[in-house]
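Note sheet for the following structure.
The values are calculated or read from the model by the stated rules, or taken from the named source; none is laboratory data. Note that the coordinates shown come from a computational prediction; the quantities given were computed from them, not determined experimentally. Reconstructed Cβ throughout: ideal geometry from the backbone, glycine too, with neighbour counts over all protein chains shown. Please note that ligands, DNA and RNA were not included when accessible areas were found on the heavy atoms of the full protein model with its side chains. Shrake-Rupley method; radii C 1.70, N 1.55, O 1.52, S 1.80 Å.
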Amino acid sequence: MIMKHSHLGVALLLVTGISLQAQNHSKDTTKTLLIKAARVVDVRQGRVIEGQAILVEADRIEEVGPLDSLRSHAPRDAEVVELGKTTLLPGLIDCHDHLTSNPEHSGYASLGISTPRETLFGVRNAERTLQAGFTTVRNVGAGGFSDVALRDAINDGDVLGPRILVSGPALGITGGHCDNNLLAPEFKYKAEAVADGPWAVRAKVREVVKYGADLIKICATGGVLSKGDQPGATQYTLEEMQAIVEEAHKLGRKVAAHAHGGEGIKIAIRAGVDSIEHASLIDEEGIQLAKQHATYLVMDIYNDDFILQQGEKVGMLKESIEKEKKIGQLQRDNFARAFKGGAKMAFGTDGGVYPHGDNAKQFAYMVKYGMTAIEAIRAATINAAELLGWSDRVGSVEAGELADIIAVSGDPLVDVTELERVIFVMKGGVVIKNDFGKSSR
Ligand SMILES: [Zn+2]
């Protein structure tokens, strides 16, 4: 296998330059890199440390410390990656993404897109997302296990993309947000992970795990971009959600619950889900419950602008835009209340509802609605890693973690929109993007 890959890598290298060179490197070398920049963000302590460098050995961070000290014990042949006056941070993590979906295929347009085509959109979107500085993504809902194929292709080094945890198709009730309600009854169509009743949902959890899911996504309430349901209305019952959670946890999988409505949020938390997605209409009791159960909230407060401005143009249903008008601002206000109230927050944007690669635009909204810049960055690094169960490998620039590192020109703690202009991306010790020196600075 290694032989095969190394030959392939060399052949492709000649035509495509850095990206595939990077992949080839990841397969075959264990070289040491010394990354030099002006500053490193210590996300855990919430500070920017000057004069630090990072020593990377193969795919891991070996050491973080003062440049002189690292230089003294770095191997002689260590390659220096010079990033000048930039700031280094851990690679970003988006906990709510749909890499195989595109905004321009909303509503009825979605019916004309095959699963293989979706998978190939995923290839493009995964690379865009990685180039934007997101080195890890949790993909929560994809048809036909296209996300499983994408994850495996990335892990095999066939295509470039972030590390991905995938859910496969999302479980939902008949006619609910995670069903497909666009066709007339004579088509007799339902989405592949629709399941009703405690035993049927258990069987469905087993099935999606069988076909490669790393986690389970469910629809606890209605949604915005679906036909004929209401975001505020509860869909799965407590009994069904308890069955899902028990089965998933037994199989070592976490559960992410799409939930807009206040009641559905509370039922899902009581059932033991690991994260509430959207959480748009969370009330005071819901916030307290989330704290008690240490349930993460993943609130996608950027995409409202895209839906309201571009939704009609990209074919979203009229009813979807009406629904968004009702809950978009409430979700932002509730984000502020939930964060102030002490609920745990992880960064998630619902990529695919808006164009992939714009994920970092959400940071400015998180700051506008009550977080400091470092708190927003933590949501997309150490907190997100904890939600994923990957604290041992991603989320901070510390010895022993995977070398997933990004750089921005300025200080993101002063201006969080710096994260929208990532100039350097490393994934697992492999340089994916390096625009240092190309910019005006
Ligand atoms: Zn979503």
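Of all residues in the stretch 294-310, those that are in contact (Cβ under 8 Å) with a residue 12 or more places away in the chain and over 22 Å from the mean Cα position of the chain (by Cα) total 2. Among the residues of the stretch 251-270, those identified as open to solvent by 10 Å² or more (accessible area, probe 1.4 Å) and small (Gly, Ala, Ser) are 252, 262. Please go through the stretch 336-356 and give me each residue that is closer than 30 Å to residue 423 by Cβ and either within 16 Å of the ligand (Cβ to nearest atom) or surrounded by fewer than 19 Cβ atoms within 10 Å (Cβ to Cβ) (or both), ordered by number. Within the stretch 336-356, 346, 347, 348, 349, 350, 351, 352, 353, 354, 355, 356 meet the criteria.
Examine the stretch 369-391 for a residue that is modelled with pLDDT of 95 or more, of a type in the set (S, T, N, Q), more than 16 Å from the ligand (Cβ to nearest atom) and in contact with a helix residue (DSSP H, G or I) (Cβ under 7 Å, 6 or more places away or on another chain), and state whether such a residue exists. Yes, the stretch 369-391 has at least one match. Could you check, for the stretch 324-332, whether at least one of its residues is touching a Pro at 6+ places or on another chain (Cβ under 6 Å), under 17 Å from residue 299 (Cα atoms) and surrounded by fewer than 24 Cβ atoms within 10 Å (Cβ to Cβ)? Within the stretch 324-332 (the criterion being touching a Pro at 6+ places or on another chain (Cβ under 6 Å), under 17 Å from residue 299 (Cα atoms) and surrounded by fewer than 24 Cβ atoms within 10 Å (Cβ to Cβ)), the answer is yes, since at least one residue qualifies. For the stretch 246-264, filtered to residues that are over 16 Å from residue 178 (Cβ atoms) and not charged (D, E, K, R), the residue that is nearest to the ligand (Cβ to nearest atom) is 262. Working only within the stretch 142-179, note down all residues that are within 15 Å of the ligand (Cβ to nearest atom) and in contact with a helix residue (DSSP H, G or I) (Cβ under 8 Å, 6 or more places away or on another chain). 142, 143, 146, 147, 164, 165, 166, 167, 168, 169, 171 - these are the residues of the stretch 142-179 that are within 15 Å of the ligand (Cβ to nearest atom) and in contact with a helix residue (DSSP H, G or I) (Cβ under 8 Å, 6 or more places away or on another chain). Among the candidates 120, 111, the residue that is touching a residue at least 60 places away in the same chain (Cβ under 8 Å), on the phi < 0 side of the Ramachandran plot and open to solvent by 20 Å² or more (accessible area, probe 1.4 Å) is uniquely 111. Scan the stretch 288-302 and tell me whether some residue there is over 26 Å from residue 215 (Cβ atoms), open to solvent by 10 Å² or more (accessible area, probe 1.4 Å) and not acidic (Asp, Glu). No, the stretch 288-302 contains no residue that is over 26 Å from residue 215 (Cβ atoms), open to solvent by 10 Å² or more (accessible area, probe 1.4 Å) and not acidic (Asp, Glu). The residues of the stretch 89-106 that are in contact with a Lys or Arg (Cβ under 8 Å, 6 or more places away or on another chain) and either within 14 Å of the ligand (Cβ to nearest atom) or farther than 19 Å from residue 347 by Cα (or both), listed by number, are 94, 95, 96, 97.
For the stretch 255-267, the condition holds for at least one residue, the condition being that it is closer than 21 Å to residue 300 by Cβ, part of a helix (DSSP H, G or I) and of a type in the set (Gly, Ala, Ser).
Assess whether residue 83 counts as being crowded, with 21+ Cβ neighbours inside 10 Å, more than 19 Å from residue 356 (Cα to Cα) and touching a strand residue (DSSP E or B) at 6+ places or on another chain (Cβ under 8 Å).
yes
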